[in-house]
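**Q** Below you will find the structure I want to go over with you.
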Amino acid sequence: MQNNAISPRARRNNVVQRILTAALREVMRHGAAKISMADVAVAAKVSRTTLYKYYPVKDDLLTAIGLHVRDLFRDQLHAALSGNATPRARLVAVLSFMRRFHEDWRAEQMIDLEIGSIVAGIRQSFDYYCSLFMDALAPTFDALDALFGKRRKVNRRLMVEILIRVQLSNAIVRLGSDWHDLPDSMGDAWDLF
């Protein structure tokens with residue numbers, strides 16, 4: 001006889017994922033200030049009691065959404081890097097990922113809806129994102145360091161901050177169509193080395 005029962009932990013993870021996915025959808029549609037816990041419960045197809053069991057107050061839910069997005073970002077970045085072993089390929093993969101993530105998440109819309117909470121979230125997670133990109137681009141930076149030799153080492157933190165700040169500025173002042181060419185253009189520039 002086969003046991004098809006779902007473990008309590010798996011059931012909890014499923015409920016939490018449904019809540020976070022529904023809450024994120026609601027935030028993207030209406031902004032964090034305008035969502036209600038009742039609307040999130042309906043969208044997630046859970047009772048309000050269940051929602052409040054996991055997130056007793058709206059701020060707890062909003063914090064969890066921020067962490068959820070951060071985890072999605074990390075997972076999607078790692079997926080984008082899969083199979084891109086050369087320094088050039090990693091650089092192009094990171095830049096392509098940044099462009100796609102920005103477009104998929106409609107960052108301009110989020111900024112328009114909730115500038116204050118978005119800025120607070122960015123400030124809170126900036127070092128985390130810098131760390132992710134420093135790890136992702138480590139082989140690229142290693143290759144640049146080897147190329148420059150003892151003359152100069154790449155300031156990895158500065159380079160990563162520039163990439164992230166360009167990405168963030170794109171949410172506020174949309175870059176032109178050339179933005180889509182950035183990954184390939186940077187890859188072509190890499191080939192000049």
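The values are calculated or read from the model by the stated rules, or taken from the named source; none is laboratory data. Note that the coordinates shown come from a computational prediction; the quantities given were computed from them, not determined experimentally. Glycine also receives a Cβ, built like all others from the backbone with ideal geometry; neighbour counts cover every protein chain displayed. Ligands, DNA and RNA are excluded from the accessible area calculation, which covers all protein heavy atoms including side chains. Shrake-Rupley method; radii C 1.70, N 1.55, O 1.52, S 1.80 Å.
**Q** Within segment 9-23, track down each residue that is surrounded by 13 or more Cβ atoms within 10 Å (Cβ to Cβ), of a type outside the set (A, V, I, L, M, F, W, C) and at pLDDT 90 or above.
**A** Arg18, Thr21
**Q** Taking the condition of being touching a helix residue (DSSP H, G or I) at 6+ places or on another chain (Cβ under 6 Å), within 30 Å of Asp188 (Cα to Cα) and either polar (S, T, N, Q) or without any contact (Cβ under 8 Å) to a residue 24 or more places away in the chain (or both), how many residues in segment 39-90 meet it?
**A** 2
**Q** Here are the criteria: (1) within 22 Å of His78 (Cβ to Cβ); (2) open to solvent by less than 30 Å² (accessible area, probe 1.4 Å); (3) not acidic (Asp, Glu). Tell me which single one Trp179 does not satisfy.
**A** It fails just one condition, (1).
**Q** Could you tell me how many of the residues in segment 36-51 are closer than 12 Å to Gln17 by Cα and outside any helix (DSSP H, G or I)?
**A** 2
**Q** Quick check on segment 147-157: of everything there that is among the charged types (D, E, K, R) and at pLDDT 85 or above, which residue is farthest from Phe73 (Cα to Cα)?
**A** Across segment 147-157, the extreme among qualifying residues is Lys153.
**Q** Of all residues in segment 61-73, count the ones that are open to solvent by less than 70 Å² (accessible area, probe 1.4 Å) and either under 15 Å from Ala32 (Cα atoms) or of a type in the set (Lys, Arg) (or both).
**A** The number of residues fulfilling the criteria is 8.
**Q** Going by the structure shown, is Leu144 surrounded by 15 or more Cβ atoms within 10 Å (Cβ to Cβ), touching a Lys or Arg at 6+ places or on another chain (Cβ under 9 Å), modelled with pLDDT under 80 and part of a helix (DSSP H, G or I)?
**A** no
**Q** On to the next question. Does any residue in segment 146-160 that is more than 20 Å from Phe126 (Cβ to Cβ) and touching a residue at least 12 places away in the same chain (Cβ under 8 Å) come within less than 7 Å, Cβ to Cβ, of a residue that is open to solvent by 90 Å² or more (accessible area, probe 1.4 Å) and among the aromatic types (Phe, Trp, Tyr) six or more places away or on a different chain, and which pairs are these?
**A** Close Cβ pairs satisfying both conditions: Leu147/Phe193.
**Q** Just to be sure, is Arg100 charged (D, E, K, R), open to solvent by 50 Å² or more (accessible area, probe 1.4 Å), at pLDDT below 95 and in contact with a Phe, Trp or Tyr (Cβ under 8 Å, 6 or more places away or on another chain)?
**A** Considered against the rule, which asks whether it is charged (D, E, K, R), open to solvent by 50 Å² or more (accessible area, probe 1.4 Å), at pLDDT below 95 and in contact with a Phe, Trp or Tyr (Cβ under 8 Å, 6 or more places away or on another chain), Arg100 comes out as no.
**Q** Right, something else. Quick check on segment 118-139: of everything there that is polar (S, T, N, Q) and touching a residue at least 12 places away in the same chain (Cβ under 8 Å), which residue is surrounded by the fewest Cβ atoms within 10 Å (Cβ to Cβ)?
**A** Among those residues, the one meeting the criterion is Gln124.
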